[in-house]
1. Given the criteria over 35 Å from the mean Cα position of the chain (by Cα) and either more than 30 Å from residue 252 (Cα to Cα) or more than 16 Å from ligand 1 (Cβ to nearest atom) (or both), does residue 437 qualify?
2. For segment 444-478, give me the residue count where each residue is more than 16 Å from ligand 2 (Cβ to nearest atom) and surrounded by 11 or more Cβ atoms within 10 Å (Cβ to Cβ).
3. Say we look at segment 377-402 and pick out the residues that are without any contact (Cβ under 8 Å) to a residue 60 or more places away in the chain and under 18 Å from residue 328 (Cβ atoms); which of these is nearest to the chain's Cα centre (by Cα)?
4. Consider residue 297 carefully, then state whether it is within 16 Å of ligand 2 (Cβ to nearest atom) and either over 24 Å from the mean Cα position of the chain (by Cα) or in contact (Cβ under 8 Å) with a residue 12 or more places away in the chain (or both).
5. Would you mind stating whether residue 67 is within 17 Å of residue 140 (Cα to Cα) and within 16 Å of ligand 2 (Cβ to nearest atom)?
6. Among the residues of segment 152-171 satisfying the criterion of being in a loop (DSSP other than H, G, I, E, B) and crowded, with 19+ Cβ neighbours inside 10 Å, which is farthest from ligand 1 (Cβ to nearest atom)?
7. Consider residue 113 carefully, then state whether it is closer than 29 Å to residue 309 by Cα, at pLDDT 95 or above and in contact with a strand residue (DSSP E or B) (Cβ under 6 Å, 6 or more places away or on another chain).
8. Within the set of pairs 6+ apart or on separate chains, which have a first residue in segment 446-463 that is farther than 19 Å from residue 234 by Cα, a second that is more than 16 Å from ligand 1 (Cβ to nearest atom) and at pLDDT 95 or above, and C-beta atoms under 8 Å apart?
Ligand code: SF4
Ligand code: FE
């Protein structure tokens with residue numbers, strides 16, 4: 001099959017007849033639901049841009065499995081150049097959507113599993129890698145969206161998976177059959193869960209002996225029997241139910257998270273990629289997280305570009321663009337945003353080839369990237385709110401602006417810089433609100449904190465890879481630590497002696 005059109009993607013999603021619950025009700029026409037549709041539009045954009053020749057270099061890649069052109073979201077990275085292009089593609093999509101466009105979790109999952117299945121086979125004599133390659137080819141040839149699902153609900157964080165009072169808080173195998181396995185559990189905060197054709201499940205933490213039933217990785221169709229979704233709320237989401245495009249700030253695009261439930265789902269062996277090999281669950285978690293921490297050096301930067309642009313436009317419309325402190329704040333926002341991009345590119349360019357042949361990012365730099373992402377978007381958002389002014393959160397509604405009697409009053413009192421229509425000033429302030437406090441803030445702020453692992457997870461990885469001993473050796477060598485010391489030379493030179501020198 002050739003690359004899909006955005007329309008074909010939306011239709012294929014509708015054809016899945018997914019089991020989605022929102023506000024306590026099961027949805028029928030979910031692809032046209034006003035709360036869900038903006039998130040579908042985001043993924044549709046990954047199809048749209050792939051069809052535009054000017055973006056082909058970023059959006060398309062050559063499959064190492066078939067030699068065919070595929071959407072980069074289904075590609076296994078073959079070089080550091082591929083890794084860098086991935087980050088640039090994500091920045092582009094962040095710019096076009098001002099939102100989380102969701103398709104990256106599947107891309108990061110296939111790239112992590114590609115090397116881990118290979119190494120598991122080498123060590124254990126299993127047959128996961130060949131199966132997995134077949135599956136990747138299936139994704140590529142059908143131009144599918146896969147959802148990489150990692151985060152279990154986890155219950156009591158002080159207990160191992162097998163020690164939990166309710167075993168289902170970690171997804172686990174409940175039955176092994178001749179033809180496959182049966183799994184039960186859930187994946188939480190699942191980005192793009194209801195917008196995917198396929199699900200790729202991975203374990204959520206490094207497992208130990210006793211956790212064999214929880215060390216499981218597999219793929220299944222998003223509409224597999226027993227899979228259903230409970231849609232996550234976002235701040236200000238019901239504004240999308242109002243019939244106007246003003247108060248939402250970004251009417252066309254949005255992110256999506258859901259609780260994905262597996263109620264005794266059967267998975268045939270051909271789609272199982274880890275089954276009880278506890279010692280490989282840690283590597284899978286680290287590699288997926290590493291790839292997704294790299295991803296944030298692209299997607300958050302693209303959304304940051306939109307927020308910086310919105311703040312600068314708000315300054316123009318407020319008539320303060322020439323104020324030196326405004327210019328300086330915009331410079332600071334740009335500096336922070338480009339620092340994140342630098343991290344995304346750095347961990348890509350320093351990537352390494354894995355034994356399986358694919359390329360992986362530099363883990364230390366990817367974790368540094370994400371650690372910065374837990375901070376800089378917050379500062380960029382703070383500065384955007386500073387520049388936008390308080391009106392961003394006190395403005396009357398679209399209905400007030402449209403009202404025959406009070407609309408003109410709203411227009412009169414919320415006018416800014418002389419040439420700017422009030423409606424446009426309201427539009428741009430609503431966009432800042434959307435990105436910093438509304439639905440998109442899920443992706444830009446809180447997800448920057450917790451997505452791809454909370455800050456402490458990166459600090460652990462940074463600690464592990466910082467090679468402090470090497471740094472100590474450098475310092476000791478320069479300081480002369482351990483060398484014999486001649487006490488006799490420790491004299492303060494006289495003025496005469498130093499003059500002679
Ligand atoms: Fe992609 Fe960023 Fe969304 Fe993750 S948070 S799925 S990297 S857009
Ligand atoms: Fe994310």
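1. Judged against the criteria, residue 437 is not a match.
2. Residues in segment 444-478 being more than 16 Å from ligand 2 (Cβ to nearest atom) and surrounded by 11 or more Cβ atoms within 10 Å (Cβ to Cβ): 11 in total.
3. Taking the candidates together, the pick is 379.
4. So residue 297 passes the test.
5. No; evaluated as a whole, the condition is false for this residue.
6. The extreme case among them is 170.
7. In short, no.
8. Correct list of pairs: 458/368; 461/286; 461/363; 461/364; 462/364; 462/368.
The values are calculated or read from the model by the stated rules, or taken from the named source; none is laboratory data. These numbers were taken from a predicted model, which means no experiment stands behind them. Every residue, glycine among them, receives a Cβ derived from its backbone with ideal geometry; neighbour counts consider all protein chains shown.
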